[in-house]
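**Student:** Take this structure, written in structure tokens, and hold onto it; I'll ask about it next.
The values are calculated or read from the model by the stated rules, or taken from the named source; none is laboratory data. All figures in this text were calculated on a predicted structure; none of them were measured in a lab. Here the Cβ positions follow ideal geometry from the backbone for every residue, glycine too, while neighbour counts run over all protein chains shown. Surface accessibility is based on the protein's heavy atoms, side chains included, excluding ligands, DNA and RNA. Shrake-Rupley method; radii C 1.70, N 1.55, O 1.52, S 1.80 Å.
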Amino acid sequence: MAVARRAGVAEELLEEIRLAIGEACSRAVALHRTHGVEDLVDVAMDDGDRFTVRVVDRAGNGTALGPPTDPALFLADPAPPTGGSPEGLSEEAVAARMGLALLAGLVDDLEVTSVGDGVGTEVSMSWPVERRVADG
């Protein structure tokens with residue numbers, strides 16, 4: 001959380017950020033395990049006008065299901081990876097979908113999109129920063 005603190009995020013948001021980043025990373029790892037993806041999960045942080053964290057998975061499973069305003073969208077599985085019923089999903093697949101529902105409740109500024117080449121999803125989360133005026 002040192003990166004968020006240095007970026008100027010309010011102290012009271014640091015625990016929320018820690019939880020959100022952990023959940024987004026756990027979701028991405030679960031998707032990779034479920035779909036046999038051996039690529040690393042990408043995590044990037046930016047401290048521009050807002051503190052932004054992006055977590056990108058490379059699981060080509062169509063999980064970018066729409067805006068995070070409707071957590072029910074995150075629980076629907078358009079095509080279970082095994083071709084079976086949703087009841088037969090792996091623990092990792094259930095965790096991945098529940099993770100997005102949890103993120104929607106944790107983060108006010110959350111966006112879930114397909115990555116540029118269409119393989120995987122990007123979870124982007126951001127929080128306000130407090131800029132300190134330099135003495136001088």
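**Student:** If R₀ is 22 angstrom, what is the calculated FRET efficiency for the pair Leu14 and Glu111, using the beta carbon separation as r and rounding to 0.05?
**Tutor:** 0.55
**Student:** For segment 1-57, just list the percent of Cα-Cα distances falling in each 10 Å bin from zero outward, please.
**Tutor:** Final binned percentages: 23, 47, 23, 8.
**Student:** Further question: Return the long-range amide H neighbours of Arg50 (sequence gap of 5 or more, or a different chain), with a cut-off of under 5 Å between placed amide H atoms.
**Tutor:** It is none; the list stays empty.
**Student:** Multiply the residue separation of Glu38 and Arg54 by 0.36 nm, subtract the distance between their alpha-carbon atoms, and state the gained length in nm to one decimal.
**Tutor:** 3.8 nm
**Student:** Here's another thing I want to ask about it. Would you list Asp57, Asp108 from the most to the least accessible area, probe 1.4 Å?
**Tutor:** Asp108, Asp57
**Student:** Could you pull out every residue, at least 5 positions away or on a different chain, whose amide H is within less than 5 Å of the one on Asp42? Hs are placed 1.01 Å off N in the peptide plane, and Pro or chain starts have none.
**Tutor:** Result for Asp42 returns Val56.
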